[in-house]
């Protein structure tokens with residue numbers, strides 16, 4: 001079974017067909033996905049520039065992380081939920097798209113990043129955060145999220161051979 005056939009089977013499910021064929025549902029989901037990217041991405045950017053000590057240095061890192069966490073989690077859940085609906089509604093074309101595949105791999109790498117830096121930077125439990133760990137987490141996070149956003153845009157421009 002090929003990725004294209006799995007994608008066709010998935011996208012032909014009634015709910016995903018309805019999303020794809022609706023004049024309003026698909027654009028609303030897409031707009032919500034983009035709005036959550038802006039919310040989530042902005043909070044990620046602020047956190048990373050703070051970790052790099054480029055701005056907001058009067059705000060303690062752990063306080064900023066804690067204040068942004070619920071908003072990041074909400075933005076992430078809605079963003080991924082909408083993105084999943086969009087991808088499933090066009091799964092036959094997305095599953096074989098190399099930019100989509102790279103984007104999914106990068107999202108996996110972001111999961112590894114979050115797991116690795118959780119104890120070292122993102123949940124310090126009142127302990128001091130190492131400047132080296134903070135910088136490494138921020139630089140890697142910025143690189144990964146820029147790459148995800150780039151691949152997300154390039155998905156639309158891929159023409160399958």
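The values are calculated or read from the model by the stated rules, or taken from the named source; none is laboratory data. In this text, all values refer to a predicted model and were calculated from it rather than measured experimentally. Here the Cβ positions follow ideal geometry from the backbone for every residue, glycine too, while neighbour counts run over all protein chains shown.
General remarks:
- Residues that are closer than 28 Å to residue 28 by Cβ and buried (at least 19 other Cβ atoms within 10 Å of the Cβ) within the range 97-125 comprise 97, 100, 103, 106, listed in sequence order.
- Among the residues of the range 88-99, those that are within 15 Å of residue 10 (Cα to Cα) and in a loop (DSSP other than H, G, I, E, B) comprise 90, 95, 96.
- Residue match in the range 38-48 (condition: assigned to a loop (DSSP other than H, G, I, E, B), at pLDDT 95 or above, out of contact with any strand residue (DSSP E or B) (no Cβ under 9 Å at 6 or more places or on another chain) and surrounded by fewer than 18 Cβ atoms within 10 Å (Cβ to Cβ)): no
- Qualifying residue in the range 116-129 (condition: modelled with pLDDT of 90 or more, within 30 Å of residue 8 (Cα to Cα), part of a helix (DSSP H, G or I) and within 19 Å of the chain's Cα centre (by Cα)): no
- If only residues of the range 55-87 that are out of contact with any helix residue (DSSP H, G or I) (no Cβ under 9 Å at 6 or more places or on another chain) and part of a loop (DSSP other than H, G, I, E, B) are counted, the one that is surrounded by the most Cβ atoms within 10 Å (Cβ to Cβ) is 60.
- From the options 19, 34, residue that is closer than 15 Å to residue 76 by Cα and part of a helix (DSSP H, G or I): 34
Matching residues to (1) in contact with a helix residue (DSSP H, G or I) (Cβ under 9 Å, 6 or more places away or on another chain); (2) surrounded by 13 or more Cβ atoms within 10 Å (Cβ to Cβ); (3) within 21 Å of residue 150 (Cα to Cα):
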site	(1), (2), (3)
1	yes, no, no
15	yes, no, no
20	yes, yes, no
25	yes, yes, no
51	yes, yes, no
95	yes, yes, yes
